[in-house]
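The values are calculated or read from the model by the stated rules, or taken from the named source; none is laboratory data. Just so it is clear, the structure is predicted and the values come from calculations on it, not from any experiment. Here the Cβ positions follow ideal geometry from the backbone for every residue, glycine too, while neighbour counts run over all protein chains shown. Areas reflect the complete protein model, heavy atoms only, side chains present, ligands, DNA and RNA absent. Shrake-Rupley method; radii C 1.70, N 1.55, O 1.52, S 1.80 Å.
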There are 2 protein chains.
Amino acid sequence: MGKINKREIIIEEAAKIFKAKGFAASSMRELAEQVGVEAASLYNHIRSKDEILEEICFKVAHIYMSSILAVDDLEISSTEKIKRIISAHIQLVTTHSNDVAVANVDWKNLSETKKNLYKEIRKGYEQRIAAIIKKGIETGEFKDVNVSVALFTLLSAIRWVEQWFKPNRSISAEELEKDMITLLINGLKK
Amino acid sequence: MGKINKREIIIEEAAKIFKAKGFAASSMRELAEQVGVEAASLYNHIRSKDEILEEICFKVAHIYMSSILAVDDLEISSTEKIKRIISAHIQLVTTHSNDVAVANVDWKNLSETKKNLYKEIRKGYEQRIAAIIKKGIETGEFKDVNVSVALFTLLSAIRWVEQWFKPNRSISAEELEKDMITLLINGLKK
């Protein structure tokens with residue numbers, strides 16, 4: 001198995017363990033066991049537990065950010081933009097559920113510098129969605145609600161899908177996406 | 001200061017620390033410093049860090065449960081029931097923000113027995129709300145969406161208010177409550 005693949009496998013397994021036990025309570029020894037290698041040999045592929053956390057958090061942050069950059073400048077309605085953002089979120093959450101779970105909770109455990117960077121990316125991301133909502137209110141597409149309330153209602157609803165959605169539930173990712181768009185867009189729409 | 005008060009203060013300060021750093025990364029030494037006593041004297045009031053976590057999680061679980069029991073048997077519409085549940089949630093989140101933050105994330109760190117009990121209470125709670133949503137769909141008050149999607153969209157949106165709502169933001173708890181009800185109820189309503 002190549003070095004890059006091994007690294008990816010380590011990070012994938014780490015995300016599972018961090019999700020189950022939290023970052024602080026997870027050990028490199030446990031991770032090594034899970035991957036099926038000696039603890040010492042993990043360090044041929046990654047430098048530290050902190051590095052794994054960074055990789056997971058920034059992977060998620062960058063996917064979120066790309067999904068909004070992809071719609072931000074399009075000449076479509078605010079409603080359509082929010083729909084696409086919801087879809088992208090749900091796809092991320094359903095395909096990278098462990099990564100999203102870890103980023104949602106354990107970004108607090110990033111080093112000070114990385115934590116500030118993470119918060120900055122997240123803030124930029126939230127501001128872009130807030131701007132779309134604000135525009136939708138101004139054009140009369142959306143109800144005249146507080147922009148922060150609308151923003152965080154939307155973000156919370158989609159960000160925490162990873163906590164309860166399981167592919168073996170009696171609902172598909174497609175149905176989930178369709179119904180969440182129905183609920184969230186109708187909530188916003190005037 | 002009486003023993004009961006001191007205990008309450010310890011638990012309050014613990015919730016702040018657990019929220020900021022996570023349960024696993026928080027120490028009794030740090031808690032003692034925060035409370036302004038010797039670490040050893042904490043144990044006159046509480047048995048362990050685990051006991052504090054239990055107290056916080058079950059306090060939150062019981063408030064949630066009472067809020068739903070208070071509306072469950074009333075002869076009011078499903079819409080009105082959901083409105084009242086949202087209000088109760090938002091009041092809890094805005095008045096006990098640290099407790100809710102800890103319960104939301106660190107219930108995973110409860111001992112096996114307590115964790116199972118916690119999950120059972122939460123499940124009962126979710127089932128009662130699901131039943132209200134189901135009834136609302138049957139009576140034609142709500143849209144015909146998947147009940148789990150509606151349930152968790154609602155719960156996520158209100159459960160995570162503690163992560164972003166700060167009383168010093170330019171929005172009051174009342175405005176928050178009004179706008180969240182608008183967004184969530186209109187999302188559901190047929």
Meets criteria (facing chain A (nearest Cβ under 10 Å), open to solvent by 10 Å² or more (accessible area, probe 1.4 Å) and hydroxyl-bearing (Ser, Thr, Tyr)) for B:SER97
no
Going through B:LYS59, B:LYS134, B:LYS115 one at a time, which residue ends up being more than 11 Å from chain A (Cβ to nearest Cβ) and touching an Asp or Glu at 6+ places or on another chain (Cβ under 8 Å)?
B:LYS59
I'd like to check something: does region B:118-125 contain any residue that is surrounded by 15 or more Cβ atoms within 10 Å (Cβ to Cβ), of a type in the set (A, V, I, L, M) and touching a helix residue (DSSP H, G or I) at 6+ places or on another chain (Cβ under 6 Å)?
yes
Of all residues in region B:142-190, which are of a type in the set (Phe, Trp, Tyr) and within 16 Å of the chain's Cα centre (by Cα)?
B:PHE152, B:TRP160, B:TRP164, B:PHE165
Flag if B:LYS108 is over 12 Å from the mean Cα position of the chain (by Cα) and part of a helix (DSSP H, G or I):
yes
Test: residue in region A:83-90 that is farther than 23 Å from A:ILE137 by Cβ and either in the same structural domain as A:LYS21 (by TED's automatic domain parsing) or within 10 Å of the chain's Cα centre (by Cα) (or both)
yes
Tally, over region B:161-174, of residues that are within 9 Å of another protein chain (Cβ to nearest Cβ) and either in a helix (DSSP H, G or I) or of a type in the set (A, V, I, L, M, F, W, C) (or both)
5
If I go through region B:175-189 residue by residue, how many of them are assigned to a helix (DSSP H, G or I) and open to solvent by 20 Å² or more (accessible area, probe 1.4 Å)?
6
Test B:GLY136 against the stated conditions and say whether it is touching a residue at least 24 places away in the same chain (Cβ under 8 Å) and buried (at least 17 other Cβ atoms within 10 Å of the Cβ).
yes
Residue pairs within 8 Å by beta carbon, gap of at least six or interchain, first lying in region B:66-84 and within 15 Å of B:ILE185 (Cα to Cα), second open to solvent by less than 70 Å² (accessible area, probe 1.4 Å) and among the charged types (D, E, K, R), listed first then second, are B:SER77/B:GLU141; B:SER78/B:GLU141; B:THR79/B:GLU141; B:LYS81/B:ASP72
If A:GLN91 meets every condition in (1) of a type in the set (S, T, N, Q); (2) free of Cβ contacts under 8 Å to residues at least 24 places away in the same chain; (3) open to solvent by 70 Å² or more (accessible area, probe 1.4 Å) apart from one, which number is that one?
(2)
With the first residue restricted to region A:34-47 and required to be surrounded by fewer than 18 Cβ atoms within 10 Å (Cβ to Cβ), and the second required to be among the acidic types (Asp, Glu), Cβ contacts under 8 Å at 6 or more apart or on different chains are A:GLN34/A:GLU13
Search region B:143-160 for residues being facing chain A (nearest Cβ under 7 Å) and assigned to a helix (DSSP H, G or I), and hand back the single one that is most open to solvent (accessible area, probe 1.4 Å).
B:SER148
